[in-house]
1. Please work out if Pro401 is at pLDDT below 90 and either closer than 29 Å to Phe240 by Cβ or surrounded by 14 or more Cβ atoms within 10 Å (Cβ to Cβ) (or both).
2. Has the range 84-91 got any residue that is more than 18 Å from Thr381 (Cα to Cα), polar (S, T, N, Q) and not in a helix (DSSP H, G or I)?
3. Just for helices (runs of 4 or more DSSP H) wholly inside the range 31-76: which have at least 1 residues that are open to solvent by 50 Å² or more (accessible area, probe 1.4 Å) and within 21 Å of Phe395 (Cα to Cα)?
4. Quick one: Ile251 ticks every box in (1) modelled with pLDDT of 90 or more; (2) surrounded by 15 or more Cβ atoms within 10 Å (Cβ to Cβ); (3) closer than 30 Å to Ala159 by Cα except a single one, so which number is it?
Amino acid sequence: MESKRERARPISPPAAAASMAATLAVLGDDNLLGEILIRLAFPTNLVRAAAVCRRWCRVASDPAFLRRFRDLHHPPRLLGFYLSLFTPGWRIEFVPVLPQPPELAAVVRRARFGLDNYDSPSTRIMNCRNGAVVVSLVRDGFSVQGVHSPLHPGRAMVAFPPPPRVPREDDEISIFCEIVSEEDGDGRLSFFWFSLGYSNKEDKAIANVHMLQDGAWVMRASATTQVPSLQVSKLKTLSFFLSDDKIYMSIFMHNILVLDLRSSTFSTINFPVHIAFDGEMVVSGANGSGVYLVHVDELKLHISLHREGNGSIGDWSVVNTISLQEMCANLRMSNGMSEDGDAPDVYIHEVGHNAEFVFLEIYGCVIYLDVRSRAMQKVYTVAEKGARVCWIHPFKMIWPPTFPALQD
């Protein structure tokens with residue numbers, strides 16, 4: 001009893017003052033405060049901490065601190081993905097990736113991911129990046145593009161101006177006509193209208209890129225390159241991405257076509273010689289002006305990395321090989337073989353930046369593969385007969401977070 005009474009004794013004023021002084025000494029030191037904040041696991045916690053006072057907000061929003069935070073915790077986290085199905089007829093669903101930690105589960109619950117509120121007989125997702133979903137709608141018989149912001153439920157769609165008028169050759173075939181986006185170091189998005197065509201008469205590819213500036217599409221780059229014949233890739237997925245002011249396109253046989261927006265010139269990157277062209281193959285961006293190539297062959301997923309150098313040959317290296325057969329067995333999907341003894345069809349629908357994750361389709365199931373941890377998760381099953389998965393657009397948490405504007 002005596003020990004309990006001793007523990008219950010109030011702290012003396014000098015001891016309380018000393019404790020407060022020690023706390024202030026820690027929290028009054030920006031470096032020590034940063035070491036405390038860096039241990040918060042999620043950007044949502046960081047925003048709440050920044051709301052304490054202006055000094056905490058200044059420390060939490062410092063660019064150098066945010067770089068450390070990202071390197072340690074690897075944000076932004078994947079919240080889910082948009083799934084475009086042909087059933088027949090188009091249908092778009094948002095599928096959350098579960099489970100999520102409570103901090104992010106609350107974000108998903110508050111968001112407005114659905115696109116059904118838009119009065120459009122046909123809806124298509126063109127691009128999804130840093131919380132911005134670029135959608136193409138049909139209104140009054142005309143195509144309209146805009147940005148849907150799921151994490152801001154009260155925000156209406158922000159419409160883009162009408163597409164730029166681009167002169168075309170008489171025999172020009174349209175290959176791409178899309179809106180793509182690029183982030184700067186502070187997470188701000190720039191939008192580009194990218195069109196790629198091919199002239200059979202002159203055997204050339206024609207690219208035009210307009211950038212959205214002050215509410216108007218402004219010409220950013222225009223270039224042509226000779227392509228001896230239109231040998232379009234036999235791949236089921238024609239992939240392209242914008243990174244570091246370059247558009248990489250996996251659309252032709254045997255090489256990746258690269259458009260440099262700064263110089264308005266084309267170049268090519270030859271595919272590695274060991275790649276077989278009878279499997280699935282998708283390209284994605286890498287930090288530091290690199291390209292990842294993800295290829296599936298006989299239930300093995302190969303990830304190769306290309307770094308610039310040596311002209312169109314460059315330096316390809318296989319950085320990862322993952323057995324999908326073993327993972328399918330772990331998910332109790334199958335033994336990895338069909339009834340006739342052949343390997344099942346495997347489709348690559350999307351590859352994350354730096355090849356951090358891959359969305360696959362096997363046995364009518366959408367599979368999320370975390371490459372870093374080699375963990376595979378079944379996230380969607382196609383239930384309707386005859387339905388087909390057409391596109392997957394991952395949706396991530398916004399980075400960097402938006403910090404509160406505190407009063408003096």
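1. On the way: at pLDDT below 90: no; either closer than 29 Å to Phe240 by Cβ or surrounded by 14 or more Cβ atoms within 10 Å (Cβ to Cβ) (or both): yes.
When the stated conditions are applied, Pro401 does not pass them.
2. So far as the range 84-91 goes, no, none of its residues is more than 18 Å from Thr381 (Cα to Cα), polar (S, T, N, Q) and not in a helix (DSSP H, G or I).
3. Those helices (runs of 4 or more DSSP H) span 63-73.
4. If we test Ile251 against (1) modelled with pLDDT of 90 or more; (2) surrounded by 15 or more Cβ atoms within 10 Å (Cβ to Cβ); (3) closer than 30 Å to Ala159 by Cα, just (1) comes out false.
Residues checked against (1) modelled with pLDDT under 95; (2) touching a Cys at 6+ places or on another chain (Cβ under 7 Å):
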{"residue": "Leu78", "(1), (2)": "no, no"}
{"residue": "Leu83", "(1), (2)": "no, no"}
{"residue": "Phe86", "(1), (2)": "yes, yes"}
{"residue": "Asn117", "(1), (2)": "yes, no"}
{"residue": "Pro121", "(1), (2)": "yes, no"}
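To keep it simple, each residue is scored yes or no on (1) under 22 Å from the mean Cα position of the chain (by Cα); (2) among the acidic types (Asp, Glu); (3) surrounded by 12 or more Cβ atoms within 10 Å (Cβ to Cβ).
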position	(1), (2), (3)
Thr87	no, no, yes
Glu103	yes, yes, yes
Val135	yes, no, yes
Pro150	yes, no, yes
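The values are calculated or read from the model by the stated rules, or taken from the named source; none is laboratory data. Predicted, not measured: the structure shown is a model, and the values here were computed from it. All Cβ positions, even for glycine, are placed from backbone atoms using ideal geometry, and neighbour counts span all protein chains on display. Surface accessibility is based on the protein's heavy atoms, side chains included, excluding ligands, DNA and RNA. Shrake-Rupley method; radii C 1.70, N 1.55, O 1.52, S 1.80 Å.
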